[in-house]
Amino acid sequence: MKTMENLSTIRKEAVEKIKACKDNGALNQLRILYLGKKGPIQEVMKTMKDLSKEERPAFGAKINEIKQELSALIEDRRTLLAEKEMAEQMEQEKLDITLSGFVPNVGNLHPLTIVQQELEDLFVGLGYSVAEGPEVECDLYNFERANIPKDHPARDMQDTFFINVEELLRTHTTAVQMRQLEKYHEEGKELIKVICPGKVYRRDDDDATHSHQFMQCEGLVIGKDIQLSDLKGTLDFMAKKMFGESRVIRFRPSYFQFTEPSVEVDVSCHICGGKGCSVCKGTGWIEILGAGMVHPNVLEMAGYDPNVVSGFAFGVGIERVAMLKYGIDDIRNFYTNDLRFLKMFNRFE
Amino acid sequence: MLISRKWLSQYMDISDLSITEIADRITAAGLEVEGIEKMSEGTHLTIGEVLSCEDHPDSDHLHVCQVNLGDRAEQIVCGAPNVAAGQRVIVAQVGAKLPGGEIKAGVIRGQASNGMICSLAELGVDPHSLSEESKNGIEVLPHDAPIGHKDPLAYLGLDDEILDVGLTPNRNDCMAAWAMAMETGAILNREVKLPQCKGAAMQKGNPTELQVASESDKCPLFMGKVINHVTIKESPKWMKELLAAAGVKSINNVVDISNIVMLETGQPMHFYDKDALPSLEITVKDHMKTTYTALDGVTYEIEPEDIMITNQGKPIGIAGIMGGNDSKIEDTTKAIVLEAAIFHHVSIRNTARRLNLNTDASVRYQKGIEPLATYKAMDRAVALLLEYADASGLEDTVIIGSNHYEPISITVNLPRINHLLGTDFSMPEVLDVLQRLSLEPVQNEQNITLTIPSYRQDLRIEADIAEELIRIIGYDRLNATLPTMPATMGALDARQQLRRRFRQVLSDNGYQEAITYTLVSDQMIEDAVMALPDPIHLAAPMSEDRKTVRTGILPSLLGSIAYNQNRSVKDIALFEISNVYGNNQMEEHLAIAISGSLQKSRWQGIDVPADFYAMKGMLELLCERVGFSGKRLTWKVNSKEVMFHPYQSAALYLGKELLAILGTIHPAAAKRYGVSNVVMAEINLEVLLKNKAAKVKYQLMSKYPAVNQDLAFVVAEDVKVGDIMACIERHGKLEKENIIQQIEVFDVYTGEHMEKGFKSIALSVCFQSSVKTLSEKEIMQMRETILTSLKEEVGAKLRS
């Protein structure tokens, strides 16, 4: 049985060579050597004829077994070498993950736009439409229709940029409300729910708290049974959405030409929660808007019968809301467009 | 307006309320107290007598005083130059809290000092109200001041507390202390008693020689009265204290009476020295053109619109604003002429404004005077002159014109008021409030009839009464409800949506939204792009920089670019959406201005320059995103707009309408605005809003492979790539199917290795059919067709 012993030696030698093999080329040569047509195993096979008939089948089976084993070993080795090669390749592709990522440069909306859109979305959700009007306005809509007749001392309160006797830059978005009232009445509608955001102008010198140009958002609701309490409910809803769910509002009597009764609306301070701080000047309350029930004269001038419909109106300063919300201390920042300022408002809130 | 505790205490008992309680309740009722001021402050004060005063042994200005405090004597070191033995003084004892801090026992340069002898300024008295003497040293009290008195401030009448009340324009009646007292009484629910002097001026006097006439239609009522004897002297203490609380200087009894009456009734009065008047003929005039030197010594230019009080044709006062020096009340005055009149508020406003003379009188005329104030004032003045100025020799009152006053009565309905407010006020509580407001309510079932007092000219309609009720009853009674009305659909309109979409696309792509001013300079109007014609100018601009309503946005954005570039910011991308205006015209525009890089990562070598093509691409993207693309958009060379580089600017058309102009800024304009490397565009959003946008459309995706072919050729330098691409598009048809999916330019080259006047273009063209796989032969044919066409149409030569 020398042949069998030879075979064991060949197998042992082959297994060792395969396991020691370091690259694909050498592995291929081993495959050719041991599994090809010329090689030590083929050599041994040639001696099979010297074996007895009884011995031959076992010998043949043994050779097949060895060939299969070596073939499997070679394939395993090939897989192993491929994995190793890939690992080495990847290692060479190592990144320094501390290097800066590529952050796409994105812009954002102006803070006044952010507040305006927030207000629009809030009221659109309540079923309001968004109405706009010209900034170059006529005296009629800015003053007359708003119950501020010529020579009325209240016109002293609004220092106006006049263009000529009849035209001016609107001093409040109330002018838009007056146009809407007229339009809805002409369309025969007795139900109005609009907000009117936009730019307005006053003849003020610009400083930290005054701007000759600023933005307002006014609201107007007209219907058959609109009450002052509805105004309170609506503004309470708005205050909670804009400044937080735990906010409450209070009304203080005030005076506007186009509303009666008129109120100033305070919201509980969102900084201190009402305890008193520098933002609310120790009072716990912050004045955010003016409002009231639409004056019967205003309804009448637009063609409505004040005995049939009533309504409320309110107006909020967009800069004022933005300044409170973000703690901005100088109104001029909104119009300087310093990129350092503008980019502060880059988060979704 | 200023009203003090002493003022109010004349008319009602408020001794149980602190000044802050009063302030809070007045504020809650709509008269906002903007400040509370104490006339003076200090605890542990007493009146002392300086027994001895010796120079401090170790100082050249301090004195060592022994001071009798009534129950004991203390040594006090005092630095005031005017301190002297025998004086009665205000002493702050050890432990006293003064505006400047607490007084402690101490030793000053070796001498014990147990207290401080005070000046009025140290006790918080407004220095403006003090005499020079009082300002410069300790306050020296009269010789009979009670030693040991524990409240020297009250002794001096300096213990008042003053409310500064901000009045809304409908409540200017409260400028008058009497009306303010009525209001306060109603708020605090106190009984109010005003001085009774009705008819005092109407008592029969001697026949008068005074003649009054008006040649102006701006003087509806003028009352005059001669009093032939008055005694000029010091005013009584109460009057001086009230004037001080109102911030008015005491002069003498007669002048003070005119001021007190104005403060009480709101009616300005003027008293003339009768003997200083050239005659007893007073004429109210306007249409004068002259100069006049008033009480303040300033000479004013009088215009025809001004109302003047004249005597013998010469002005003796600017009506309702200021009297003259010649006839003012002096210490020597023996007889006086009283004037109480109504002048038209607009005229007074215009004159006061032009002359920059906002006097107590002119302010009251401008804000409106209640209709009965003139009569009340004359009565009150006569009563006070009789009592405090020994007035005698009264002549009949001369009255010309009338106040045209009819008392107003209105009837309101409680259920309607409750419905307007959303409240449940009961009849008894409503009647109580109306009573407190002196509206004399008379109930008739659910109706209430009211008589409106003359000073409440703001109460006209039911809504006014509703407001009166809720402000007095309190807004805490108001519930929060939501309107009960049919459901409405809230939505943004097309314009509002477009605006939002553009803002979103631009900001997502690195562009920052800006908001700039509407009012601009003439230069900026001249530089506006896509500008509306006929700019609108302000009648009275505040500055050259803000005199005209802008007709385009870009010049303003350039200002913002300059601002940021001046702060070393290189990479800038700004946009603004705004209305622009021309005479009778309004458009909404979008302006974009960029500079530097849009995207950048230096270590990765990424740099997207903010150049012409970035701007062009952004405009294409914006249009595409809102439904405008393909052949509807055309680009044309623009060389007309002076703001742009003549060879780097284009106009974008939607159909035949000009939609936008874009390009690199002209170097001259860049210099003018102090900016560098700016590319900008102005887009007229109206064009997009007018035209129909394409909708999203599903298309079958080809199942067959796409094939890319690179073409490189040489053309003359002035051949436009756009024409080349259009030519390829036109000829890229196989069996009538357009098989060109995309044309991508990947190289444009001029320079070395190129014949002069020629450029090399390299394109990659993507072929794909939706009906079959393209064969090699078909592709080669297509390529040949394209190259032949390019050769014929643009003279292209295939590069070897």
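Here's a check for you: in segment B:577-597, which residue that is open to solvent by 20 Å² or more (accessible area, probe 1.4 Å) and part of a strand (DSSP E or B) is modelled with the lowest pLDDT? It comes out as B:Gln585. Is it the case that segment B:106-113 has a residue that's closer than 28 Å to B:Lys38 by Cβ and open to solvent by 40 Å² or more (accessible area, probe 1.4 Å)? Checking segment B:106-113: not a single residue is closer than 28 Å to B:Lys38 by Cβ and open to solvent by 40 Å² or more (accessible area, probe 1.4 Å). If you check B:Thr359, B:Thr310, B:Thr374 for being of a type in the set (S, T, N, Q) and farther than 26 Å from B:Trp178 by Cβ, only one passes: B:Thr310. Only one of the listed residues (B:Ala660, B:Ala670) is assigned by TED's automatic domain parsing to the domain that holds B:Ile561, surrounded by 14 or more Cβ atoms within 10 Å (Cβ to Cβ) and out of contact with any helix residue (DSSP H, G or I) (no Cβ under 7 Å at 6 or more places or on another chain). That residue is B:Ala670. Just to verify a result, which residue in segment B:346-358, among those that are open to solvent by 20 Å² or more (accessible area, probe 1.4 Å) and either small (Gly, Ala, Ser) or not in a helix (DSSP H, G or I) (or both), is nearest to B:Gln203 (Cα to Cα)? Selected residue: B:Asn358. The number of residues in segment A:163-206 that are away from chain B (no Cβ under 13 Å), of a type outside the set (Lys, Arg) and either open to solvent by 60 Å² or more (accessible area, probe 1.4 Å) or in contact (Cβ under 8 Å) with a residue 60 or more places away in the chain (or both) comes to 11.
Taken over segment B:760-800, the criterion of being without any contact (Cβ under 8 Å) to a residue 24 or more places away in the chain and not in a helix (DSSP H, G or I) is satisfied by B:Ser775, B:Ser800. Identify the residue in segment B:385-396 that is open to solvent by less than 30 Å² (accessible area, probe 1.4 Å) and within 46 Å of the chain's Cα centre (by Cα) and, among all such residues, is farthest from B:Ala200 (Cα to Cα). Looking at the filtered set, the residue picked out is B:Ala389. Exactly one residue among B:Gln457, B:Gln435 is over 17 Å from A:Gly292 (Cα atoms), at pLDDT below 95 and surrounded by fewer than 19 Cβ atoms within 10 Å (Cβ to Cβ), and that residue is B:Gln457. Every test in (1) open to solvent by 30 Å² or more (accessible area, probe 1.4 Å); (2) free of Cβ contacts under 8 Å to residues at least 60 places away in the same chain; (3) under 24 Å from B:Pro169 (Cα atoms); (4) polar (S, T, N, Q) is passed by A:Thr209 save one, and that test is (2).
For first residues located in segment B:662-676 and assigned to a strand (DSSP E or B), partners that are aromatic (Phe, Trp, Tyr) and lie 6+ apart or on another chain with Cβ distances below 7 Å form the pairs B:Gly663/B:Phe612; B:Gly663/B:Phe644; B:Thr664/B:Phe612; B:Thr664/B:Phe644; B:Ile665/B:Phe644.
Can B:Asp464 be described as charged (D, E, K, R) and at the interface with chain A (Cβ under 9 Å from one of its Cβ atoms)? Yes. All conditions but one from (1) in a helix (DSSP H, G or I); (2) over 21 Å from A:Phe345 (Cβ atoms); (3) of a type outside the set (Val, Ile, Thr); (4) within 7 Å of another protein chain (Cβ to nearest Cβ) apply to A:Phe143; the one that does not is (4). If you check B:Asn677 against the conditions, is it under 40 Å from the mean Cα position of the chain (by Cα) and open to solvent by 80 Å² or more (accessible area, probe 1.4 Å)? Answer is yes for this residue. Being free of Cβ contacts under 8 Å to residues at least 60 places away in the same chain and under 33 Å from the mean Cα position of the chain (by Cα) holds for only one residue in B:Asp306, B:Asp326, B:Asp256, and it is B:Asp306. Specify the residue that is farthest from B:Leu459 (Cα to Cα); the eligible residues are those in segment B:155-211 that are hydroxyl-bearing (Ser, Thr, Tyr) and away from chain A (no Cβ under 14 Å). Among those that are hydroxyl-bearing (Ser, Thr, Tyr) and away from chain A (no Cβ under 14 Å), it is B:Tyr155.
Within segment B:727-738, can one find any residue that is touching a residue at least 24 places away in the same chain (Cβ under 8 Å) and part of a loop (DSSP other than H, G, I, E, B)? Checked against the condition, which is being touching a residue at least 24 places away in the same chain (Cβ under 8 Å) and part of a loop (DSSP other than H, G, I, E, B), segment B:727-738 yields at least one hit. Got a number for residues in segment B:600-656 being over 18 Å from B:Pro555 (Cα atoms), in a loop (DSSP other than H, G, I, E, B) and touching a residue at least 40 places away in the same chain (Cβ under 8 Å)? The total comes to 6.
Taken over segment B:352-382, the criterion of being at positive phi and touching a residue at least 40 places away in the same chain (Cβ under 8 Å) is satisfied by B:Gly368 alone. Checking each residue in segment B:359-384 for being open to solvent by 30 Å² or more (accessible area, probe 1.4 Å) and closer than 24 Å to B:Met239 by Cα picks out B:Asp360, B:Val363, B:Ile369, B:Leu372, B:Tyr375, B:Lys376. Among the residues of segment A:104-128, those that are open to solvent by 40 Å² or more (accessible area, probe 1.4 Å) and facing another protein chain (nearest Cβ under 8 Å) comprise A:Pro104, A:Asn105, A:Val106, A:Gly125, A:Leu126. Taking segment A:223-327 as the region of interest, the helices (runs of 4 or more DSSP H) fully inside it that hold 2 or more residues being acidic (Asp, Glu) are A:228-243.
Inside segment A:229-252, residues that are open to solvent by less than 10 Å² (accessible area, probe 1.4 Å), at the interface with another protein chain (Cβ under 7 Å from one of its Cβ atoms) and within 25 Å of A:Thr171 (Cα to Cα) make up a count of 1.
One residue stands out among those in segment B:476-500 that are in contact (Cβ under 8 Å) with a residue 12 or more places away in the chain and at the interface with another protein chain (Cβ under 7 Å from one of its Cβ atoms): the one that is most open to solvent (accessible area, probe 1.4 Å), which is B:Asn479. Residues that are more than 14 Å from A:Leu73 (Cα to Cα) and open to solvent by 90 Å² or more (accessible area, probe 1.4 Å) within segment A:1-28 comprise A:Met1, A:Lys2, A:Glu5, listed in sequence order. Taking each residue of segment A:49-66 that is free of Cβ contacts under 8 Å to residues at least 12 places away in the same chain and looking for partners that are open to solvent by less than 60 Å² (accessible area, probe 1.4 Å) with beta-carbon atoms closer than 7 Å, six or more apart or interchain, yields A:Arg56/A:Met48. Open to solvent by 20 Å² or more (accessible area, probe 1.4 Å), in a strand (DSSP E or B), farther than 26 Å from B:Ser119 by Cα and not β-branched (Val, Ile, Thr) - does that describe any residue in segment B:33-41? Yes - at least one qualifying residue is present in segment B:33-41. Of all residues in segment A:82-96, those satisfying the criterion of being away from chain B (no Cβ under 14 Å) and not in a helix (DSSP H, G or I) are A:Glu93, A:Lys94. For segment B:696-745, how many residues meet the condition of being under 25 Å from B:Gln648 (Cα atoms) and touching a Phe, Trp or Tyr at 6+ places or on another chain (Cβ under 8 Å)? Looking only at that region, the number is 5.
The values are calculated or read from the model by the stated rules, or taken from the named source; none is laboratory data. None of these values were measured; they are calculated from a predicted model. Backbone-built Cβ (ideal geometry, glycine too); neighbour counts: all protein chains shown. Only protein heavy atoms, including side chains, enter the accessible area calculation; ligands, DNA and RNA are left aside. Shrake-Rupley method; radii C 1.70, N 1.55, O 1.52, S 1.80 Å.
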